[in-house]
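Everything below concerns the one structure shown next.
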Amino acid sequence: MQKEQKRNISVTGDISFSNIEVTQPKEYAAGMPAIKVALEHVSKESGLFRSIKTLSRMNQKEGFDCPGCAWPDPVKPSKLGEYCENGVKAIAEETTFERVDRDFFKKYSVEEISNWTDYEIGKSGRITEPFILKPGSVHYEPISWEEAFTAVADHLKSLNDPNEAVFYTSGRSSNEAAFLYGLFARAFGTNNMPDCSNMCHESSGVALSETLGIGKGSVVLEDFEEADVVMVIGQNPGTNHPRMLSALQKCKENGGKIITVNPLSESGLNRFKNPQQISGIMGKGTALTDIFLQVKINQDVPLLKLIMKRLAQRDNKDNKVFDHDFIASKTQGFGELLAYLERYEELELLQLCGVASEKIDEAVEVLAKKSKIIICWAMGLTQHKNGVENIKECVNLLLLKGSIGKKGAGTCPVRGHSNVQGDRSVGIVHHVSEPFNQALKKEFNFDPPTAEGLDTVHAIQAMHSKKAKVFVALGGNFVSAASDTEYTAEALQRCELTVSVSTKLNRTHLTAGKTSLILPTLGRTEQDGGRFVTVENSMGKVHQSKGKLKPASEHLKSEPEIVARIANAYFGNDTTIDWERYSTDYDAVREKITAVLTGFEDYSKRSKGAGFYLPNNARQGDFSKLPGGRAQFSICGLPAHSLEQDEFLLMTVRSHDQFNTTIYGLDDRYRGIYGERRVVFMNGDDMAQHGLEPLQIVNLVSQYNEVVRRAENFKVIPYNIPSQNLCAYFPETNVLVPIDLYADKSQTPVSKSIVVKVEKP
Ligand code: SF4
């Protein structure tokens, strides 16, 4: 038996500082600076004219879908360009001229590369052909596709149990690739299908399924134009979903109000200078937020309870604040909720949320009179121990106002990855669905596994304890996206085999298993033999995406083909599934999706043009799937955060030059940070109290269950953030999040409320 080769891999990379410049945070988002920065990125990476040509096809009907977030495209995309600054950065990354080829890997060992920052690793470029890292080696070597597929198949065949394999999916994979991947995992015999939504909106899926009968949002894009009020809670659209600002602008122009709930005053929610309008280029742009409720980290529930208590007090007077007809005909648990709200003293709730009483009254004044209310949210609500209840409390408010199942109103969990919702819709889920299993059995004549699979956190624990030995990732940068970075890296390195289907180099390729394979795939912008794939946006619309650019290398294969060829290599002739056909015939794949899933009728035809919406009962106000056929009010407790004097609650966030774990640049322009990522934002009074100066260097330390985790070398930035709250970027601070600290019911890692201490080195 080959002695286990321990490669000397750095999990954090270079943590030294670069040249930081700090200015005042920006008062607005987008405008001319967005155009300037976007053009700088594309000219540097992929050539100005080539990029402008490519961008002209982005988010257009016959074009390709942006590989960034999942914000929907309008029915009539702008001819001036239907994309944002960060969409352009995503394209610059994918269409870069930089290449990771055999000379690159001959020159650089994985140990050497691991000492680079995530930014430097990502800027190495597109991977040109399949590579293998053999046991005992520190250099990736070229390998043929056939040898690579055989190597994967052999490792899978060597397992004692299919549940010793883990099949991870990142939200960039198309519906066709994801469906084939899920089909393969089940035909192989496991439901171990963790996916990136486990780490982001899983809490939304659980809360919405239990209260409204569907794990997705109920609004469509056009609802923003009709809404009386849009509440944006725990979300920073200016950076993470920038085209949402156009929708908020339309809401404002139609007389709507915007209420923002966030520990930070984010530029993108203050003012928007729409770069497609003169007023956005030359003028002041549009003021967005009308009422800013600067809540303490994860104290949204006390704030929402206060709002509902005060609305109830008004309703008691005239019975006109709540939508009693809707409540009586469509909901369950109204009385219990009101009684439960009575149990809380206003003072306690005010102290917990940290928002001024008069500000709350301003919001209550607006909400009392309006009924077309949309609540949008993102990780600021989901990545907490009580993440599921955070969302249920939002649903409580909407149900009280009858703001579900009608135009201009509803739930809007904004998805951060372009097809994360689609992957789930076509079967990427670790939970077992009997009807889906029955449909697969009927269509493909095999018995799908019935044992519950592993989600992200439990897959990492299984790899760490060597219960799982093979890890396959369809896209993504697992080690950097997951919590507890050191532990997750160890887990991957203990695998017999790790496989990454990727476009670009990332840290997961370095924290590799004994044997590691990189299988390079096509990007969204690139031709795929004239074929198109499909994706589903944040509002449940499925549409096509078709690249036209010449692929970065002649050796690349599409994700569907890679999955089908691995399956072919594994099953050979011993299968009832025509993998060979599905490797290149996507219409055939879509026909199978239609056969086993509802809502995908006439799939290929309907996905052309503007695409089609999948069924959504909540959008129709139909709660027949739920107990009593009614939407459910929920009783939610208060979040438990008791901090010592020298303790802080840390929330991990993205900078403006970042998409998930992809680092586009070192600036966070809206927050006034340039040239540095190792910063921690802290309340000025807290700094004084702890004897800290601006830019002073500190370490961040968390301790859970006697285990100490450290993130070293951060410069302190005085910032407008509530006391005893801190904010810093991930993946640099994911190392502080314990693997076993996750949300109840959804198991989403608690990345937004980590208890830490600030240490002076
Ligand atoms: S808003 Fe999201 S989907 Fe749209 S262009 Fe920007 S990053 Fe891409």
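The values are calculated or read from the model by the stated rules, or taken from the named source; none is laboratory data. Quick caveat: nothing in here was measured; it's all calculated off a predicted structure. Positions of Cβ are generated from backbone atoms using ideal geometry, with glycine treated the same way; all protein chains shown enter the neighbour counts. We work out accessible area using only protein heavy atoms, side chains counted, and drop any ligands, DNA or RNA first. Shrake-Rupley method; radii C 1.70, N 1.55, O 1.52, S 1.80 Å.
Per-residue HN-Hα couplings for the range 125-135, Karplus 6.51 cos²θ - 1.76 cosθ + 1.60 at θ = phi - 60°, whole Hz, x for Gly and Pro?
x, 7, 7, 9, 7, x, 10, 10, 10, 7, x
Sort 682-693, 123-134 for me by packing, meaning the mean count of neighbouring Cβ atoms within 10 Å per residue, highest on top. Kindly include the intermediate steps, with their values, before the conclusion.
Numbers: 682-693: 15.4, 123-134: 21.2.
Final packing ranking: 123-134, 682-693.
Would you mind checking which residues have amide H under 5 Å from Leu549's amide H? H placed 1.01 Å from N; only 5 or more apart, or other chain.
Glu526, Gln527
Under a no-solvent Debye model with one identical scatterer per Cα of the range 135-176, what's log10 I(q)/I(0) at q = 0.21, 0.29, 0.33 Å⁻¹?
Log-scaled intensity ratios, in q order: -1.00, -0.98, -1.01.
What is the distance in Å between the Cα centroid of the range 164-232 and that of the range 460-482?
19 Å
Can you flag which of Lys317/Lys406; Lys79/Lys608; Lys257/Lys330; Lys36/Lys715; Lys548/Lys605 are past 23 Å Cα-Cα?
Pairs exceeding 23 Å: Lys317/Lys406; Lys257/Lys330; Lys36/Lys715.
From the square roots a ≥ b ≥ c of the eigenvalues of the alpha-carbon gyration tensor of the range 5-104, which class results: rounded (a/c under 1.5), prolate (a/b over b/c), or oblate?
Cα axes put the range 5-104 in the oblate bin.
Expressed in nm to one decimal, what extension gain is obtained for the pair Lys79 and Gln313 from 0.36 nm per residue of sequence separation less their Cα-Cα distance?
Details: separation 234, 0.36 × 234 = 84.24 nm, distance 4.95 nm.
Once the chain is fully extended between Lys79 and Gln313, it gains 79.3 nm.
What's the ranking of 67-78, 362-373 by average number of surrounding C-beta atoms within 10 Å, highest first?
67-78, 362-373
May I ask you to derive the FRET efficiency for Glu706 and Asn8 from their Cβ-Cβ distance with R0 = 45 Å, giving the value to the nearest 0.05?
That pair, Glu706 with Asn8, gives E of 0.95.
Rounded to the nearest 500, what is the chain's calculated 222 nm mean residue ellipticity when only DSSP H runs of at least 4 contribute -39500 (n - 2.57) each, over all residues?
Working: 32 runs with 268 residues, N = 761.
Counting only the DSSP helices, I get -9500 deg cm²/dmol.
List the lysines whose Cα lies under 17 Å from the Cα of Lys469, skipping any in the same chain that are fewer than 8 positions away.
Lys3, Lys6, Lys134, Lys157, Lys514
Less than 15 Å from a label point 7 Å out along the Cα-to-Cβ axis of Gln620: which backbone N atoms in the range 533-575 qualify, by residue?
In the range 533-575, the label zone of Gln620 (backbone N under 15 Å from the point 7 Å along Cα→Cβ) covers no residue.
Using 0.36 nm per residue of separation minus the Cα-Cα distance, give me the extension gain between Asp101 and Asp154 in nm, one decimal.
Between Asp101 and Asp154, full extension yields 16.5 nm more.
Got a number for the accessible area of Lys6? Probe 1.4 Å, square angstrom, nearest 10.
Taking all protein chains as shown, Lys6 has close to 150 Å².
Quick one: if the Förster radius is 25 Å, what FRET efficiency do Asn713 and His139 give, using the C-beta to C-beta distance and rounding to 0.05?
About 0.30, to the nearest 0.05.
Along each of its three principal axes, how wide is the spread of alpha-carbon positions in the range 387-533, in whole angstrom units, largest first?
Answer, in whole Å and largest first: 56, 40, 37 Å.
Roll a 1.4 Å probe over the protein heavy atoms and report the accessible area of His139 in Å², nearest 10.
60 Å²
Translational diffusion coefficient of the chain at 37 °C, 0.692 mPa s, Stokes-Einstein with Kirkwood Rh over Cα pairs, in µm²/s as a whole number.
So the translational diffusion coefficient is about 125 µm²/s.
Which entries of Lys407/Lys592; Lys61/Lys407; Lys407/Lys442; Lys466/Lys745 show an alpha-carbon separation above 29 angstrom in the structure shown?
Over 29 Å Cα-Cα: Lys407/Lys592; Lys407/Lys442.
Please work out how much accessible surface Glu112 shows to a 1.4 Å probe, ignoring ligands, DNA and RNA, in Å² rounded to 10.
80 Å²
Debye calculation, C-alpha points only, no solvent: report log10 I(q)/I(0) for the range 563-636 at q = 0.24 Å⁻¹, in the same order as the q values.
The calculated log intensity ratios at q = 0.24 Å⁻¹ are -1.08.
Quick check: net charge around Gln724, other residues with Cβ under 15 Å of its Cβ, Lys/Arg +1 and Asp/Glu -1?
Charge balance near Gln724 sits at -2.
Can you compute the charge dipole magnitude of the range 553-611 about its Cα centre, using +1 on each Lys and Arg Cβ and -1 on each Asp and Glu Cβ, nothing else charged? Give it in debye, rounded to the nearest 20.
Values: 8 positive and 11 negative charges, 43 e Å.
My answer is approximately 200 debye.
Nothing charged except the Cβ atoms of Lys and Arg (+1) and of Asp and Glu (-1): what's the magnitude of the dipole of the chain about its Cα centre? Round to the nearest 20 debye.
Value, rounded to 20: 1520 debye.
Along the charge dipole of the chain, which of Ile717, Gly427, Leu638 sits closest to the positive end, that is, farthest toward it, with unit charges on the beta carbon of Lys, Arg, Asp and Glu (+1, +1, -1, -1)?
It is Gly427.
Mind listing the long-range amide H neighbours of Asn725? Cut-off is under 5 Å, sequence gap 5 or more, other chains count too, H placed in the peptide plane at 1.01 Å from N.
Leu649, Asn683
What are the ³J(HN,Hα) couplings of the range 484-500, residue after residue, when phi is run through the Karplus curve with 6.51, -1.76, 1.60 and θ = phi - 60°? Round to Hz, x for glycine and proline.
6, 3, 4, 5, 5, 4, 4, 4, 5, 5, 7, 6, 5, 9, 10, 10, 10
Taking a 1.4 Å probe, which of Asp528, Asp161 shows the most accessible area, and what order do the others take after it?
Largest accessible area first, the list is Asp161, Asp528.
Short version: ³J(HN,Hα) in whole Hz for each residue of the range 396-412, in order, from phi by Karplus 6.51 cos²θ - 1.76 cosθ + 1.60 (θ = phi - 60°), x for Gly and Pro, what are they?
4, 5, 5, 5, 4, 9, x, 8, 9, x, 8, 4, x, 8, x, 9, 9
For the range 28-176, state what percent of all Cα-Cα pairs lands in each successive 5 Å bin, counting from 0 Å until the bin that includes the largest distance.
The percentages, shortest bin first, are 2, 7, 12, 15, 16, 14, 12, 9, 7, 4, 1, 0.
Which value in nm describes the separation of the simple spin-label points at Asp447 and Ser723, placed 7 Å from the Cα toward the beta carbon?
Once both label points are built, they end up 6.4 nm from each other.
Determine the principal axes of the Cα atoms in the range 340-390, then give the extent along each, sorted from largest to smallest and rounded to whole angstroms.
In descending order, the Cα extents are 29, 29, 22 Å.
Here is the link list: Lys320/Lys359; Lys123/Lys550; Lys385/Lys504. Which ones come out longer than 28 Å on Cα distance?
Checking Cα-Cα distances, Lys385/Lys504 exceed 28 Å.
Restricting attention to the chain, give the cysteines that have no other cysteine Cβ less than 4.7 angstrom from their Cβ.
Singleton cysteines: Cys66, Cys69, Cys84, Cys196, Cys200, Cys251, Cys353, Cys394, Cys495, Cys636, Cys727.
Of the peptides 214-223, 553-562, how do they stack up when ordered by the mean number of other Cβ atoms within 10 Å, highest first? Write down the numbers at each step before the final one.
Details: 214-223: 23.0, 553-562: 20.8.
Per-residue Cβ counts within 10 Å, averaged per peptide and sorted highest first, yield 214-223, 553-562.
Which value, in Å², gives the accessible area per residue of the chain when a 1.4 Å probe is used on the protein heavy atoms? Before the final figure, lay out each step's value.
On the way: 27100 Å² over 761 residues.
For the chain, the solvent-accessible area averages 36 Å² per residue.
What is the set of long-range amide H partners of Phe659 at a cut-off below 5 Å, with H atoms built 1.01 Å from backbone N?
The list, which skips near neighbours in sequence, is Tyr664.
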